[in-house]
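As C-alpha cells, the structure follows; a few thoughts come after it.
A short reminder: the numbers here are calculations on the coordinates, not readings from a lab. Remember, it's a predicted structure, so these values are computed and weren't measured experimentally. Cβ placement follows ideal geometry from the backbone for every residue including glycine, while neighbour counts extend to all protein chains displayed.
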C-alpha cells in the first residue's frame, strides 16, 4: 500500500481563506468572519470587490494552457497558488469557499454522501431528496457575515442556483441575480457595482468544468472555452468602477481519465464484497461498509489498486487532516474507507452511477496537483 499524503491547507494557503480575506479587505472585522487575522491573506483594502469562481480552472491547467488566456496569464506572476481541499469536488469546495471552513466543519464531504441513520447516499451537488440545507450545514456563511456587517452582497449565477440545496447550504446570504451567459453575468455584476455603497459580488461560471468533463481538459474545446472566459473577465476588469478589486479563483482542477484507466465495481467482485454503498466519486470513492467489514474492504481495495491509490480508513484520513478539523456530527458522513486515486486511474460503479457519469472523460476529486491546486489572481482597486 502506498503511504497517504498529508491533507491540503485550510488556512491562508487554501480556498477557505479567499472569501474571509476579501471580506476583511472590505472592512469586515476578522472576528465577525470567524477567522483569526493570521489566517487571512494580505489583500489590499478596497471599497468593493468582485470574486469570480471559474469551476474547474485548476492552477496547473491554467499555467499549462495559458496561451488561451492572455489576461489571466498576465496575473499569474503576482497571483497565489492555493489548495482546494479534499475531496476536490464542486459541492465540497463550494462549501469550503462559502463558509471559510474545512469539510470536516461544514460537513459537505463529497459528491455522494451517506445520510447517517437513513441508510442511503444523496448527491450534494443536485441535492435531490437531500436533508434540510441549514441543518446539514449550520455554520454562518461569509456572505451572511459580510451582509450583517453592512456590505451589499450579491451572488450572480444560473437561475437554478437560486434557492437550491447546495446554494442554501454553502452560499446563502445577500441577493441573487441570474444570468444565462457569462456576458450576462458580467453585465449584471457591473450594474450592481454602479449602485451606491460597498459591494461584494460573487460571480460563478461553470462551463470550463462542464466542457472538461465532456471533452477532456486537454481538448481544443476546453481551450476555446478558456479563451472566451479570459476575454469576458478582461472586459470585466477594464470596466470596474474605481475602488473595486477583482479576484479570480476556482474550486478544483481536473485530469483526463480515459475509459481504459478505469475499474468498475460492478465487474470486480473483490471490490464489491462487504460494501453497502459506494459514495464519493470516481477519483475519490468513499466506501460505506457492512457491519464489521471495513478492515476486509480496506485490505481488498488496497491490494487490488496497489500503487494506483491511497486507501485509508476514516480515522486515518481524519488524523492526516484530509478533511480538516472534524466535527462529531460530520464524522459518520465520511466513508468507513476513503480512497484517493493516483495517476489517471478512476473507479466507477455502473450499478449506481448514471450513464452521464460513466461517460465523463475529465474527472477530479483526488489529491493530485492538477486537481487540488487552484489560483487566486487579483486586480487591485484603482
Restricting to DSSP H runs of at least four residues, report the calculated mean residue ellipticity at 222 nm for the chain, -39500 (n - 2.57) per run over all residues, nearest 500 deg cm²/dmol.
-8500 deg cm²/dmol
Which of 217, 289 has the fewest Cβ neighbours within 10 Å, and the rest in rising order
289, 217
Say R0 is 56 Å: what FRET efficiency, to the nearest 0.05, do residue 276 and residue 76 get from their beta-carbon distance?
0.80
What does the highest-first list of 30-40, 317-327 look like by mean Cβ count within 10 Å?
317-327, 30-40
Relative contact order in percent for the stretch 261-363 (Cα pairs under 8 Å, 6+ apart) equals 38
For residue 120, placing the label point 7 angstrom along Cα-to-beta-carbon and taking the stretch 147-180, residues whose amide nitrogen sits under 17 Å are 165
Among DSSP beta bridges lying fully in the chain, give the percent that are antiparallel, nearest 5.
50
If one takes the longest principal axis of the Cα atoms in the chain, at what angle in degrees, from 0 to 90 and to the nearest 10, does the Cα axis of helix 182-193 lie?
50
Added length on full extension, which subtracts the Cα-Cα distance from 0.36 nm per residue, residue 359 to residue 221
48.0 nm
Just to confirm the number: angle between the C-alpha axis of helix 90-99 and the first principal axis of the chain, 0 to 90 degrees, nearest 10?
50
Whole-number percent relative contact order across the chain, with pairs defined as alpha carbons under 8 Å at least 6 apart:
28
